[in-house]
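Engineer: Quick one: the structure is below, questions incoming.
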Amino acid sequence: MPVVIGFEGSANKIGVGIVRDGEVLSNPRRTYVTPPGQGFLPSDTACHHRACILDVLQEALQEAGLKPQDIDAVAFTKGPGMGAPLVTVAVVARTVAQLWGKPLLGVNHCVGHIEMGRLITGAQNPTVLYVSGGNTQVIAYSEHRYRIFGETIDIAVGNCLDRFARVLKISNDPSPGYNIEQMAKKGQKLVELPYTVKGMDVSFSGILSHIEEVAHRMLAAKECTPEDLCFSLQETLFAMLVEITERAMAHTGSHEALIVGGVGCNERLQEMMGIMCKERGAKLFATDERFCIDNGAMIAQAGWEMFRSGQITALQDSWITQRYRTDEVEVTWRD
């Protein structure tokens, strides 16, 4: 029964998780939160991770009731993500692996989300909607690869929501996306916004530019409320995502849809996807914030799959890359 520890720190979350044969033994994490109206810079985020990571590691081991000698392999996020935070976590993972005498496993962040979603929900072969602050992709598995059927051609959906939150000075605690979701529940008026679907791909930069330009003018003229804008932005963005996911499901003949990534715990997105799946006679799978949001256990789970299929990352190959596409990974653990 292999036990794998996973280190995740590709953005503003730092997490360490431990997995043993499909069981999550521990999964603590910390979040770097900036003041309203501000994003998080790579250098500041890396400083936060350096300050927290050893405490989180100790917490993960204590929560799991394990010692270093009980660990069989050390997994870490190789990419994609922000450069400085990725390097911080990779250095710690390399050091731990050498101190403990354990093999290293460099994990694709996106694949980590997918494998965590499959583990927690029990989905067998779903069409995956991966939505986060850095990525927006529609994915399906075929011939040892997670194939990207559609994606954003500019910014990610989570990045669009985060940057709109800065316009309205919405709090980043616990996250701007969560606070937009709560405000959207109080929205009464649907403001028309640009809707840009290009085949299987989506574009979010235009809708962001538009709402950044008109928001303060419309609010000053009392044409709408901040809650109306949050509601309208969510409805438009999520409708685009549902459309391309349904198109991918039709193409693959899939009867399962799985939502992963930080934006995936949005209840309105889950509701809209659920309606689409019901109309298609398909089943929707989703997780809550424990596993949707970046966490160490998802890296451990993907690392566990790699480890049991014989994959190991040599020390000289344990560099990080900010650009590491989902379909670059050879998925040796699936038929």
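The values are calculated or read from the model by the stated rules, or taken from the named source; none is laboratory data. Everything quoted here is computed from the prediction, not taken from an experiment. Every residue, glycine as well, gets a Cβ built from its backbone with ideal geometry; the counts of neighbours run over all protein chains shown. Only protein heavy atoms, including side chains, enter the accessible area calculation; ligands, DNA and RNA are left aside. Shrake-Rupley method; radii C 1.70, N 1.55, O 1.52, S 1.80 Å.
Engineer: Between residue 58 and residue 332, what is the label-point separation in nm under the 7 Å Cα-to-beta-carbon projection?
Structural biologist: Using points 7 Å along Cα→Cβ, the separation is 3.6 nm.
Engineer: In percent, how large is the relative contact order of the range 7-105, given Cα pairs closer than 8 Å and 6 or more residues apart? Write out the running numbers ahead of the final one.
Structural biologist: On the way: 153 pairs, mean separation 32.3, N = 99.
Averaging sequence separation for qualifying contacts and normalising by length gives 33 percent for the range 7-105.
Engineer: How much of residue 324 can a 1.4 Å solvent probe reach, expressed as accessible area in Å² and rounded to 10?
Structural biologist: Approximately 40 Å² for this residue.
Engineer: Compute a Gaussian network model of the chain, connecting alpha carbons closer than 10 Å, and tell me which residue from 250, 297, 93 fluctuates the most.
Structural biologist: Ranking 250, 297, 93 by mean-square fluctuation puts 250 first.
Engineer: Moving on. Over 10 Å intervals from 0, what percent of Cα-Cα pairs in the range 72-200 sits in each interval?
Structural biologist: Percent of pairs per bin, in order: 10, 28, 34, 21, 6, 1.
Engineer: Accessible area per residue, 1.4 Å probe, Å², for the chain: what's the number? Mind dumping the intermediate values first?
Structural biologist: Details: 13950 Å² over 335 residues.
The answer is 42 Å² per residue.
Engineer: Once the Cβ-Cβ distance between residue 33 and residue 288 is put in as r, and R0 is 25 Å, what FRET efficiency do you end up with, to the nearest 0.05?
Structural biologist: Numbers: r = 20 Å, r/R0 = 0.80.
Efficiency, rounded to the nearest 0.05: 0.80.
Engineer: So, one more: Once the Cα atoms of helix 296-308 and of the chain are each reduced to a long axis, what angle between those two axes, in degrees from 0 to 90 to the nearest 10, is obtained?
Structural biologist: Approximately 50 degrees, to the nearest 10.
Engineer: Can you tell me the mean projection area, over all orientations, of the convex hull of the chain's alpha carbons? Units nm², please. The partial results should precede the final answer.
Structural biologist: Values: hull surface 64.3 nm².
Average projection, Cα convex hull of the chain: 16.1 nm².
Engineer: Who wins for biggest fluctuation among 309, 203, 318 in a Gaussian network model of the chain, springs between alpha carbons below 10 Å?
Structural biologist: 309
Engineer: Relative contact order for the chain using alpha-carbon pairs under 8 Å, separation at least 6, rounded to a whole percent?
Structural biologist: Relative contact order here is 27 percent.
Engineer: Work out the FRET efficiency for residue 153 and residue 21 from their Cβ-Cβ distance, taking R0 = 25 Å, and round it to the nearest 0.05. Walk me through the intermediate numbers first.
Structural biologist: Details: r = 40 Å, r/R0 = 1.59.
E(calc), rounded to 0.05, equals 0.05.
Engineer: Mind checking the full-extension length gain between residue 308 and residue 323? Use 0.36 nm per residue of separation minus the Cα-Cα distance, one decimal, nm. Write out the running numbers ahead of the final one.
Structural biologist: Details: separation 15, 0.36 × 15 = 5.40 nm, distance 2.58 nm.
Result for the pair: 2.8 nm of gain on full extension.
Engineer: Using the eigenvalues of the Cα gyration tensor, what equivalent ellipsoid semi-axes result for the range 142-186 when each is taken as the square root of five times the eigenvalue, whole Å, largest first? Mind showing how you got there, number by number?
Structural biologist: Numbers: eigenvalues 177, 28, 17 Å².
For the range 142-186, the semi-axes come out at 30, 12, 9 Å.
Engineer: Another question about this same structure. Below 8 Å, C-alpha to C-alpha, sequence gap of six or more: please give me the relative contact order for the range 168-278 in percent.
Structural biologist: Rounded, it is 32 percent for the range 168-278.
Engineer: Every cysteine in the chain with no other Cys Cβ under 4.7 Å from its Cβ, please list them in numeric order.
Structural biologist: Here 47, 52, 110, 160, 224, 230, 277 come out as lacking a disulfide-compatible partner, given the Cβ-Cβ threshold of under 4.7 Å.
Engineer: Right, something else. Ignoring ligands, DNA and RNA, what percent of the accessible area of the chain is carbon or sulfur (1.4 Å)? Before the final figure, lay out each step's value.
Structural biologist: On the way: 6830 of 13950 Å².
Within the chain, the accessible surface is 49 percent carbon and sulfur.
Engineer: Using the alpha-carbon atoms, what tilt in degrees (0 to 90, nearest 10) does helix 205-220 show relative to the longest principal axis of the chain?
Structural biologist: With both axes taken from Cα atoms, the answer is about 50 degrees.
Engineer: Roughly how tilted is helix 42-64, in degrees to the nearest 10 and between 0 and 90, from the longest Cα axis of the chain?
Structural biologist: For helix 42-64, the angle is close to 60 degrees.
Engineer: Considering only DSSP beta bridges whose two residues both sit in the chain, what percent are antiparallel, to the nearest 5?
Structural biologist: Roughly 60 percent of the beta bridges in the chain run antiparallel, per DSSP.
Engineer: If I stretch the segment between residue 185 and residue 252 completely, what's the gain in nm (0.36 nm per residue apart, minus their alpha carbon distance), one decimal? Before the final figure, lay out each step's value.
Structural biologist: Details: separation 67, 0.36 × 67 = 24.12 nm, distance 3.36 nm.
So the extension gain works out to 20.8 nm.
Engineer: For the range 136-244, state which GluC sites (Glu not before Pro) are in a DSSP loop and have at most 11 other beta carbons lying within 10 Å of their beta carbon. Don't skip to the end; give the middle numbers.
Structural biologist: On the way: sites: 143, 151, 181, 192, 212, 213, 223, 227, 235, 243; in loops: 143, 192, 223.
Here the sparse-neighbourhood loop sites are 143, 192.
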